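These notes are about the structure you will find just below.
The values are calculated or read from the model by the stated rules, or taken from the named source; none is laboratory data. Nothing here was measured: the structure is a model prediction, and the numbers come from that model. A quick note on method: Cβ atoms are made from the backbone with ideal geometry, for glycine too, and the neighbour counts reach across all protein chains shown.
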Amino acid sequence: MVSSEYERRIAARFATFDQDGNGWIDREDFIAASKAVLNEFGTPARSDKGQSLYGGAEAFWQGMAGIADRDGDQRITRDEFVNGAVKRLRDNPERFAEIARPFLHAALAVADADGDGSATVDETARILKALGVPEHIATATSAALDTNADGKVDEVEVVTAFARFFTVPE
């Protein structure tokens, strides 16, 4: 049986995706997230990195809609999000992370100023802030993502943390 505390924590994560605050998650939220990241780093939408980010956002939206949009209206309500996360992803958080991987990979690439395949802790904080995370939380979170303390955040670190944040109650 899933605890109401677990459901409450997953529901709180809903706002991370509802970029426009209209009460549901839809494709436009993923487009808005992409635009915000591109704007933060001054990356043109029509560039290879911009197109990759939009493609990753679309793949992420399609995967999430496939898991959570139970009524097929192309909107994910808070209840659909909680049910999708709790019922379909709790036992397999890696599945959710794999849905997000193309977007996460592309966001890191946008932030990756030196082209080494990772972003600095500061660049990662900028991504989070662009997505609406308050500055103090973005700074602390990006530092915590650097699990090997090399000053960089790579795809493995981000995908692992993403899976835990959205599917594990702790």
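Residue-wise test of (1) in contact with a strand residue (DSSP E or B) (Cβ under 7 Å, 6 or more places away or on another chain); (2) touching a residue at least 12 places away in the same chain (Cβ under 8 Å); (3) surrounded by 21 or more Cβ atoms within 10 Å (Cβ to Cβ).
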residue: GLY23; (1), (2), (3): no, yes, no
residue: LYS35; (1), (2), (3): no, no, no
residue: THR43; (1), (2), (3): no, yes, no
residue: ASP48; (1), (2), (3): no, no, no
residue: GLN62; (1), (2), (3): no, no, no
residue: ASP79; (1), (2), (3): no, no, no
residue: ASP114; (1), (2), (3): no, no, no
residue: SER118; (1), (2), (3): yes, yes, yes
residue: THR124; (1), (2), (3): yes, yes, yes
Show the residue pairs that are 6+ apart or on different chains and have beta-carbon atoms under 6 Å apart, the first residue being within the range 139-161 and at negative phi, the second being part of a loop (DSSP other than H, G, I, E, B). VAL153/ASP146; GLU157/THR147
Of the residues in the range 1-21, those that are in contact (Cβ under 8 Å) with a residue 40 or more places away in the chain, of a type outside the set (A, V, I, L, M, F, W, C) and within 18 Å of PHE162 (Cα to Cα) number 6
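Would you check which residues across the range 127-137 are surrounded by fewer than 20 Cβ atoms within 10 Å (Cβ to Cβ), under 17 Å from the mean Cα position of the chain (by Cα) and at negative phi and list them?
If the condition is that a residue be surrounded by fewer than 20 Cβ atoms within 10 Å (Cβ to Cβ), under 17 Å from the mean Cα position of the chain (by Cα) and at negative phi, then LYS129, LEU131, VAL133, PRO134, GLU135, ILE137 are the ones that fit.
Please tell me if THR139 is at pLDDT 85 or above and within 19 Å of ARG13 (Cα to Cα).
Details: at pLDDT 85 or above: yes; within 19 Å of ARG13 (Cα to Cα): yes.
Yes.
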In the range 46-58, is there at least one residue being closer than 16 Å to LEU104 by Cα and modelled with pLDDT under 95? no
Number of the exception - THR16 against (1) over 21 Å from ALA113 (Cβ atoms); (2) among the hydroxyl-bearing types (Ser, Thr, Tyr); (3) in contact with a Lys or Arg (Cβ under 8 Å, 6 or more places away or on another chain): (3)
Leading residue by the ranking (modelled with the lowest pLDDT) among those in the range 142-158 that are of a type in the set (Val, Ile, Thr) and buried (at least 18 other Cβ atoms within 10 Å of the Cβ): VAL158
